[in-house]
Amino acid sequence: MSSTETAKPSRREQILTAAAELFARHGFHGVGIDDIGAAVGISGPALYRHFRSKDAMLGEMLTSISERLLDGGQARVDAAADAASALHSLVRWHVDFALEDPALITVQMRNLANLTDPDRRRVRTLQRRYVEVWVETIRRTVPSADEPTARAAAHAVFGLINSTPHSAHLDRDQMASLLSRMALASLTAADLAPLTA
């Protein structure tokens, strides 16, 4: 296989992709093992060769999303030449992720409560670490922002970007540009200094 070819996804990856699409469309409880099996061309019981349960499938899916966001975000910040470049790169990373994997974004937003307790703790820990990457980057870029304000701003920007499963009415490149410009404007054009009474 040449270096320009994309590796064929493993059966496990195919199952997770199909499950994400189904969970996003019908909800976790609205999808059975047989539905997921049919989507990848195998019997429902054959899925148990790859995952011990539907809960385990969801746990791996949401843990993987959180790890990808954290690792990708941190890598982009680490590679940036300065704070402003880091924020631009971080925004574009999250925008690209949301546009490329809208089903995963939907599953992540809707199904945290359906995780087992150990998986929920793991995902929450990863999510908190990802938020901290944003908080630190915002505060380096916008010195007027204190920690609570930077945290609130990060979550507000996540809400904007993660709306893409419902708001992506332009082509992919136009939507990426629009979301990136809106997110950066909201973080840098406004005075993020804490409000005083």
Can you give the angle from 0 to 90° between the axis of helix 117-141 and the longest principal axis of the chain, with both taken from C-alpha atoms, to the nearest 10? 30
If the chain between ALA185 and ARG121 were fully extended at 0.36 nm per residue, the gain over the current Cα-Cα distance would be 19.7 nm
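Quantify how much of the Cα-Cα distance distribution of the stretch 54-189 extends past 25 Å, in percent.
Working: 2319 of 9180 pairs.
Here the long-distance tail beyond 25 Å is 25 percent of all Cα pairs in the stretch 54-189.
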Could you state how much accessible area ARG140 has, in square angstrom rounded to the nearest 10, with a 1.4 Å probe and all protein chains kept in place? 120
Hull volume per residue for the stretch 99-173, using the convex hull of the C-alpha atoms, in Å³ is 110
Looking at the stretch 24-107, which trypsin sites (Lys or Arg not before Pro) are DSSP coil and have at most 12 other C-beta atoms within 10 Å of their C-beta? ARG52
For ASP71, ASP96, give the ranking by accessible area with the largest first, probe 1.4 Å. ASP71, ASP96
Measure of exposure for SER85: accessible area at 1.4 Å probe, Å² rounded to 10, is 50
Taking max minus min of the Cα coordinates of the stretch 1-71 on each principal axis, largest first, gives extents in Å of 39, 29, 22
Reported to the nearest 10 Å², HIS26 has, with a 1.4 Å probe, an accessible area equal to 110
Ellipsoid semi-axes in whole angstrom, largest first, where each is sqrt(5λ) of the Cα gyration tensor of the stretch 58-98: 23, 10, 5
For LEU170 and TYR48 in one chain, what is 0.36 nm times their gap in residues minus the Cα-Cα distance, to one decimal in nm? 40.0 nm
Check: C-alpha center the stretch 13-28 vs C-alpha center the stretch 104-169, spacing in Å is 21
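The values are calculated or read from the model by the stated rules, or taken from the named source; none is laboratory data. If you're wondering where the values come from, they're calculated on a predicted model, not measured in any experiment. Cβ atoms come from the backbone with ideal geometry, glycine included; neighbour counts cover every protein chain shown. Note: accessible area is taken over every heavy atom of the protein model, side chains too, but ligands, DNA and RNA are not part of it. Shrake-Rupley method; radii C 1.70, N 1.55, O 1.52, S 1.80 Å.
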